[in-house]
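To keep things clear, I will list the structure first and then write my remarks on it.
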Amino acid sequence: MENLTLIVPAKNEKESLPIVLEELKKYNLKIIIILEKTDFATIEAIKDFNCKILYQVGKGYGDALILGLNEV
């Protein structure tokens, strides 16, 4: 699974997202997390993981996916 990028749109996932990221450590993935800048709890919860955080300007799930795809 080389050269694989996982896009994860997230909102208010301070408890579950760290668990998911911990499980994903065993795979060779590039991980992009899409969050709102105001989601401080989730940002704080994942700051020690090796993933890129993009901040969503627009609203909604579709906008988050488009932002992630454009980054890839």
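The values are calculated or read from the model by the stated rules, or taken from the named source; none is laboratory data. All values reported here derive from a predicted model rather than from experimental measurement. Heads up, the Cβs are rebuilt from the backbone with ideal geometry, glycines too, and the neighbour counts pull from every protein chain shown. Calculation scope for accessible area: heavy atoms of the full protein, side chains included, ligands and nucleic acids excluded. Shrake-Rupley method; radii C 1.70, N 1.55, O 1.52, S 1.80 Å.
Go through the stretch 45-72 and give me each residue that's part of a helix (DSSP H, G or I) and either closer than 19 Å to Lys30 by Cα or of a type in the set (D, E, K, R) (or both).
Ala45, Ile46, Asp63, Ala64, Leu65, Ile66, Leu67, Gly68, Leu69, Asn70, Glu71, listed by residue number.
Criterion first (touching a Phe, Trp or Tyr at 6+ places or on another chain (Cβ under 7 Å) and of a type in the set (A, V, I, L, M)) does Leu35 satisfy it? Taking the combined requirement at face value, the residue satisfies it.
Comparison of Leu54, Leu24, Leu17 shows that the only residue that is among the aliphatic types (A, V, I, L, M) and at pLDDT below 95 is Leu24.
With respect to Thr5, determine if the residue is part of a loop (DSSP other than H, G, I, E, B), of a type in the set (Val, Ile, Thr) and open to solvent by 40 Å² or more (accessible area, probe 1.4 Å). Here the answer is no, as Thr5 does not meet what is asked.
Here is the figure for the stretch 8-22: residues that are open to solvent by 60 Å² or more (accessible area, probe 1.4 Å) and not in a loop (DSSP other than H, G, I, E, B) total 3.
When the stretch 23-65 is filtered for residues that are open to solvent by 90 Å² or more (accessible area, probe 1.4 Å), under 19 Å from Asn3 (Cα atoms) and out of contact with any Asp or Glu (no Cβ under 9 Å at 6 or more places or on another chain), the ones remaining, listed by number, are Glu23, Lys25, Lys26, Tyr27, Lys30, Asn50.
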